[in-house]
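All remarks here apply to the structure that follows.
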Amino acid sequence: MHWELSEEQELFATSLREWAAAKFPPEAVRKMQTSEEMNRFTEALIRDGWWGVGYSEDVSGQGGGVLEQALAAREFGRAAVPDSRWLAAALSAPLLTTRELSEQVAGRHRFAAAIRADRIPAWTPLPAASDRLSATVPHVLGALEADTFLVPVTGPDGFGLARVLASDAVVRRDDLLDRSRVTGAVEFSDAPIVEIVAADETSLSRTAALAAVLTAADALGSAERMLELSVEYSKQRKQFGQFIGSFQAVKHAAAQMLVTVEASYSTALYAAAALDAGIADAATIAAVAKAQVTGPVADLAESALTVHGAIGYTWEHDLHLFYKRAKLDRTLFGPPSAWNERIAAALLDEPARAG
């Protein structure tokens, strides 16, 4: 089954693709990565009206839902832009009060959930003594750009999400192979807690499902671009007097890449639509998208590199931007094996282990 977008959704995706290509071509992305001026992308999203897509007009958003956010993530993956803050904002949205969400959508407040980006969001609460917090959370997505952290804690009234100002924490940037995303270790040392807001299981589960769907959509965009680059290169590069695109091995590689892209397209977008519709097994469908898109796309990256040969390793060629992105998407918020365990547990009606 091939997922079909509406005319309005197609127009949105096309417009965002054209905007990203004009504002952030590969050479601009490389410059941001070397200069570490990641905020330029976020500022452009807010300034040009893309930041509020996927949020209700009641909170100053542009409308749409998870499917529109997935389409945006797909385009960000195609362009390899630094979207850590955008993704951190999307994942924190279900955990915010209406007032906080309005502030975030308006670009006036930057929240980030203090959860590990190398595991499935498990929400293991940290002990909070009185109104202070001392703990370290590694690999927090968007940590360097946040002004407030949402920290799962066990407080006087039980489980909740503490609001802790970033100015009261120490953040150490991680050294990632993929320079288009940023994570960091967040250390709270007797940090004052602004407030603790009760958290419900529905909101926590939605954040985990969003992490799966948006990461899968990002991987889809990377895969589409790597396929395009490989086909273009196969029509330019010659060996033994022939274009390499005429070789059977290259044709087979490109055909398999196309199969991966087509399957990933429908899988990722259906999972986003399932979350929008609120169907009963939407969380399991999201888990399928994370496992069955990010894993094959990481393999597709190897095929694309094989087609390009040595030039694919070079900083000057665009391929490495998407290769590294695909590799990180596979492990971001848990590897496929962890999500497959969650799928099996859901099918067998058993509790899943933490990712």
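Among S35, S189, S102, S180, sorting on how many other beta-carbon atoms sit within 10 Å of each Cβ, with the fewest leading, yields S35, S189, S102, S180. Working ranking of peptides 267-278, 220-231 by packing, defined as the average number of other Cβ atoms within 10 Å per residue, highest first, is 220-231, 267-278.
Site pair A280 and R132 shows an inter-label distance of 4.9 nm when each label is modelled 7 Å from Cα along Cα→Cβ. Using every pair of alpha-carbon atoms in segment 248-302, split the distances into 5 Å bins beginning at 0 and state the percent of pairs per bin, rounded to integers. P(r) for segment 248-302, in whole percents per bin: 4, 21, 25, 18, 13, 9, 6, 3, 1, 0. Each of V164, V297, V194 has some number of other Cβ atoms within 10 Å of its Cβ, and from fewest to most they run V194, V164, V297. Extension gain, T154-T331: 0.36 nm per intervening residue step, less the Cα-Cα distance, totals 60.9 nm. With R₀ fixed at 56 Å, the C-beta to C-beta distance from S167 to Q242 puts the FRET efficiency at about 0.35. In order along segment 37-43, the phi-based Karplus estimate (6.51 cos²θ - 1.76 cosθ + 1.60, θ = phi - 60°) of 3J(HN,Hα) comes to 8, 5, 5, 4, 5, 4, 4 Hz; Gly and Pro are listed as x. When the alpha carbon gyration tensor of segment 97-170 is reduced to an equivalent ellipsoid, the three semi-axes, largest first, read 19, 15, 12 Å. Each other residue within a Cβ distance under 15 Å of L161 adds +1 if Lys or Arg and -1 if Asp or Glu, for a net charge of -3. The rule of thumb for compact globular proteins, 2.2 N^0.38 Å, goes into the C-alpha radius of gyration of segment 7-105 1.07 times. In plain terms, if you count all Cα to Cα distances in segment 85-227 and split them into 5 Å steps from zero, the share in each step is 2, 10, 20, 23, 22, 13, 6, 3, 1, 1, 0 percent. P(r) tail for segment 277-355: Cα pairs beyond 22 Å make up 38% of the total. As a length-normalised measure over Cα pairs under 8 Å and 6 or more apart, the relative contact order of the chain settles at 18 percent. Counting Cα-Cα pairs of the chain in 20 Å increments starting at 0 gives whole-percent bin shares of 30, 58, 11, 1. In the chain, the DSSP-assigned H stretches of four residues or longer account for a calculated mean residue ellipticity at 222 nm of -17500 deg cm²/dmol, using -39500 (n - 2.57) per stretch and the full residue count as denominator.
Taking square-rooted eigenvalues a ≥ b ≥ c of the alpha carbon gyration tensor, is segment 202-348 rounded, prolate or oblate, where a/c under 1.5 means rounded and, failing that, a/b exceeding b/c means prolate? It comes out prolate by the Cα gyration axes.
Taken together, the values in this text are just the output of simple stated rules run on the coordinates, not laboratory data. Predicted model, so just to flag it, every value in this text is computed and none were measured. Virtual Cβ from ideal backbone geometry, glycine too; neighbours counted across all protein chains shown.
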